[in-house]
Amino acid sequence: MPLELLRTPPPKERADAARNRAAVLEAAARLFAEHGVEAVSMDQIAAAAGVGKGTLFRRFGDKSGLAVALLDARERALQEAVLHGPPPLGPGAAAEARLTAFLDAYLDYLLEHLPLVRMSETASPGARYRIGAYRFWHRHLAILLAGAPDPDAAAHTLLAPLAAEHITALLPEVGEPRLRAAALRLARAALATP
């Protein structure tokens, strides 16, 4: 399946719904930045956004739904760079260069938004794999790993250690440079054909 088909267009909204959505996302982003994702309640977000709790829960469900919505624009920007940006992240470079560029860009995104990504990925068992962005990242890696014996499995294997829960647990002990180096070694090993 082409990568373009894995991107979901933003939903169409009424003007008042769009205003409420923007107010909620702005309030949530501000409160999360000030107090941390775990310390902020949905009640606090509704009050800061000037909307009713019912509106907030109907629109986002819970904090993990809110996390997914906050991450959406950031994920779309990375997807756009993968599809249409300059090489090596975008088309026009060799598979290894694109893979390395993707891992660096993905880790930049992940580390910048780690608490939100973690919340979105751990909301329920298997949540990470139901997120549209995961399917996009997986498909992109599978395409880049086309010469590997099992590109689909290899793509999942490369994404597994980049799970937010895993990174959250290891980051204090291992540190960012070692995590990046290990991910790149794993990617190069996946590209090597037996």
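The values are calculated or read from the model by the stated rules, or taken from the named source; none is laboratory data. Computed from a predicted structure; not experimentally measured. A quick note on method: Cβ atoms are made from the backbone with ideal geometry, for glycine too, and the neighbour counts reach across all protein chains shown. The accessibility values were calculated without ligands, DNA or RNA, using every heavy atom of the protein model including side chains. Shrake-Rupley method; radii C 1.70, N 1.55, O 1.52, S 1.80 Å.
Show me the helices of the chain, taken as full DSSP H stretches, that run 27 Å or more along their long axis by Cα and average -1.0 or above in Kyte-Doolittle hydropathy.
15-35, 63-84
For segment 20-55, run through the GluC sites (Glu not before Pro) and keep only the ones in DSSP coil with at most 12 other Cβ atoms within 10 Å of their Cβ.
When the GluC sites (Glu not before Pro) of segment 20-55 are filtered for loop state and at most 12 Cβ neighbours within 10 Å, E38 remain.
If you take every residue apart from Y109 with its C-beta less than 14 Å away from the C-beta of Y109, what net charge results, scoring Lys and Arg +1 and Asp and Glu -1?
-4
What whole-number value in Å² describes the accessible area per residue of the chain for a 1.4 Å probe?
51
If you add up the charges near R118, with Lys and Arg at +1 and Asp and Glu at -1, over every other residue whose beta carbon is less than 15 angstrom from its beta carbon, what do you get?
Neighbourhood net charge equals -3.
Tell me, what is the 1.4 Å probe accessible area of L145, in Å² to the nearest 10?
0
Grab the other residues whose beta carbon is less than 12 angstrom from that of A190, score K and R as +1, D and E as -1, and report the net.
Every neighbour counted, the sum reads -1.
Might you report the magnitude of the Cβ-based charge dipole of the chain about its Cα centre, with Lys and Arg at +1 and Asp and Glu at -1, to the nearest 20 debye?
Result for the chain is approximately 420 debye, rounded to the nearest 20.
Report the extension gain between D43 and R180 in nm, rounded to one decimal, defined as 0.36 nm multiplied by the number of residues separating them, less their alpha carbon distance. If you can, show how the numbers build up before the last one.
Numbers: separation 137, 0.36 × 137 = 49.32 nm, distance 3.74 nm.
Additional length available on full extension: 45.6 nm.
Could you let me know the centre-to-centre spacing of segment 40-108 and segment 128-190, using Cα atoms, in angstrom?
Distance between centres, Cα-based: 17 Å.
Would you work out which of P172, A105, T55 lies farthest towards the positive end of the dipole of the chain, given +1 charges on the beta-carbon of Lys and Arg and -1 on that of Asp and Glu, about the Cα centre?
Going by the Cα projections, it comes out as T55.
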